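Colleague: Once you've had a glance at the structure underneath, I'll fire off some questions.
None of the figures in this text is laboratory data; all of them are computed from the coordinates on show. Since the model is a prediction, treat every value here as computed from it, not as a measurement. Positions of Cβ are backbone-derived with ideal geometry, glycine not excepted, and every protein chain shown enters the neighbour counts.
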Amino acid sequence: MLGSGAEAEDAVQETMVKAWKAADRFEGRASVRSWLFRIATNVCIDMRRSPQRRARPMDLGPVRTPDPVHLSDVLPEHAWITPIPDEDVLDLDGDPAEVAATRETIRLAFVATLQRLPARQRAALVLCDVLRWPATEVAELLEATVPSVNSALQRARATMAETAEAPTGPLTVDQEQLLARYLDAFERYDVSALAQLMHHDVIQSMPPYAMWLQGRDDVLTWWTGPGAECEGSRLLTGRANGCPAFAQYRIDPNGGHAPWGLQVLELRGERISAVHSFLDTEAFARFGFPLHLDRDDPSGRRRQSATCRSWSPTGQ
Amino acid sequence: MSAPGLEAVDDLCRLVLAARRLGCRVRIEGASEDVRALLSLAGVDTMLSPAPSSPDQTGVDLP
């Protein structure tokens, strides 16, 4: 410790000035990097109540059979990733290539993988690839050698690359149609029509339940069984974690429809590869979705807040 | 520091580096959970969290 408070304060100011000068030399904060700035802030906000690592049900336990008995297994709130509105982390009016790249990074799997990387690899990835520090400075900061930093960086990149799923450019016309058919079939609760929209290995998860299902047959068994209570639901469209999403409202016994869950869909080609239903009605406000749909309100779909756009990144 | 983002990580890491070059050590105390979660996400929390104090080291504590 320094001898006096005043000396300490001077030292702090001096190092701050140096740090800021160094930061100024550092190239302008290019938009390419802005994504992780934003996602980190959001993940951070998300983790506020418990800064522990979060994951998806698929990362936390084995696949289950479609038996409601598994609903007794609820993940603690801090354990699971919560959905993030695209608008919070994406500049949807920005460069389309950057929007696509950013969208990839906020996918649930990406966020989960990032959090699972060993700290040193995470630091190498963030400092080198996002903050664009030279490897020599990263090595100095981490008190490591340049080769070991490069090695950590390569491993981190490889792990993150494995996470990259289907290309995440703007949705194709076919995918837009797929989503329109999904919405229509779900609102009619036509399970056999829904089945045709899914890959045979489709995944369904329902955080905070630990249970997750894989395979079209098991998913449909669930939907025709315990899930049949979703009949009569209404869906509003939005985007979450770089994926198309639907706010699902179930029939409210007191009239109209009440928030039930936020469905985040992952697509592979022209089929649905995963449906993650976040049974988190608090998310509705965060996404700007109405907190209630009035009975037979034909304008309900148009009453979405401006933050809830269509699936198309251009809002078309 | 408000609404911490990776800019904060960048700044803090540069501060640590600059301080080290001056023979000082930076220790962050009383950081909000947001900041700690962010530093943890970036994998640099151990460099900035309170370390066991050593009498021959010069330390600067940030409020």
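Colleague: Taking K and R as +1 and D and E as -1, what net charge do the other residues with C-beta under 11 Å from the C-beta of A:Ser205 add up to?
Modeller: That sum, taken over residues with Cβ under 11 Å, equals 0.
Colleague: Separation between the A:Arg181 and A:Thr145 pseudo-spin-labels, each 7 Å from Cα along Cα→Cβ, expressed in nm?
Modeller: So the label points at A:Arg181 and A:Thr145 sit 5.7 nm apart.
Colleague: In addition: List the GluC sites (Glu not before Pro) within the stretch A:181-267 that fall in a DSSP loop (any state other than H, G, I, E or B) and whose Cβ has at most 16 other Cβ atoms within 10 Å.
Modeller: Working: sites: A:Glu187, A:Glu229, A:Glu231, A:Glu266; in loops: A:Glu231.
Sites meeting the loop and neighbour criteria: A:Glu231.
Colleague: Given the Cα-Cα distance of A:Ala161 and A:Asp201 and 0.36 nm per residue of separation, how much length would full extension add, in nm?
Modeller: Working it through step by step, the gained length comes to 12.3 nm.
Colleague: Under the 0.36 nm per residue contour assumption, what length would be gained going from the current alpha-carbon distance of A:Ser273 and A:Asp129 to full extension?
Modeller: 48.9 nm
Colleague: Count charges around A:Leu71 for me, please; just the other residues with Cβ under 14 Å from its Cβ, Lys/Arg as +1, Asp/Glu as -1.
Modeller: -2
Colleague: Taking the Cβ of A:Pro259 as the center, what net charge do the other residues with Cβ under 12 Å away carry, scoring Lys and Arg +1 and Asp and Glu -1? Could you put the intermediate results ahead of the total?
Modeller: Details: positive: A:Arg234, A:Arg250, A:Arg286; negative: A:Asp252, A:Asp280, A:Glu282.
With Lys, Arg at +1 and Asp, Glu at -1, the neighbours total 0.
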